[in-house]
Amino acid sequence: MAPERLWHLAATPDAPRQARSWLYEAMQVWDLDDPKLLADVLTSELVTNAVRHSGSANLLLRLIWELGRLRVEVEDDGGGTVRVEPADPGGGHGYGLVLVDELSDAWGWEPTASGKRVWFEIVTHRW
């Protein structure tokens, strides 16, 4: 079974900082230092998007490390679809999923029973 960590967090402006803290904790336990900055940025983007756009009061953060891949999942109770839109920092939205799309090795989303799950994967250098 793959090492996995799971946390519930309130969908507040502090959620991205809390998610990064848990990410660092898990990566330290798994001895993964290499993708730390990339994982930090992409995790922040997923959590920020969920806080801003899902309408959920709570989020679920799941981190999985398996076979040289770090997978980060964020679940919310919001409906709708997830799509990459061109960045428009002056128009109310920034680079969120553009960064996830460009910098992750894989990403996607799927509906869940109560909302949706958005995820990304990055290849780590610890094999």
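Residue 10 passes every criterion in (1) over 12 Å from residue 61 (Cα atoms); (2) touching a residue at least 24 places away in the same chain (Cβ under 8 Å) apart from (1). Filtering region 68-87 to residues that are touching a residue at least 40 places away in the same chain (Cβ under 8 Å) and either surrounded by 20 or more Cβ atoms within 10 Å (Cβ to Cβ) or not small (Gly, Ala, Ser) (or both) leaves 69, 70, 71, 72, 73, 74, 75, 76. Of 103, 67, all but one fail to be at pLDDT below 90, among the aliphatic types (A, V, I, L, M) and more than 20 Å from residue 7 (Cα to Cα); the exception is 67. If the condition is being surrounded by fewer than 13 Cβ atoms within 10 Å (Cβ to Cβ), farther than 18 Å from residue 98 by Cα and of a type in the set (A, V, I, L, M), then region 11-51 contributes only 29. For region 104-122, a tally of residues being touching a strand residue (DSSP E or B) at 6+ places or on another chain (Cβ under 9 Å), over 14 Å from residue 42 (Cβ atoms) and small (Gly, Ala, Ser) returns 2.
The values are calculated or read from the model by the stated rules, or taken from the named source; none is laboratory data. Treat the numbers as computed from the prediction; the structure is a model and nothing was measured. Quick reminder, even Gly has a Cβ in these numbers, built from the backbone with ideal geometry, and neighbours come from all protein chains shown.
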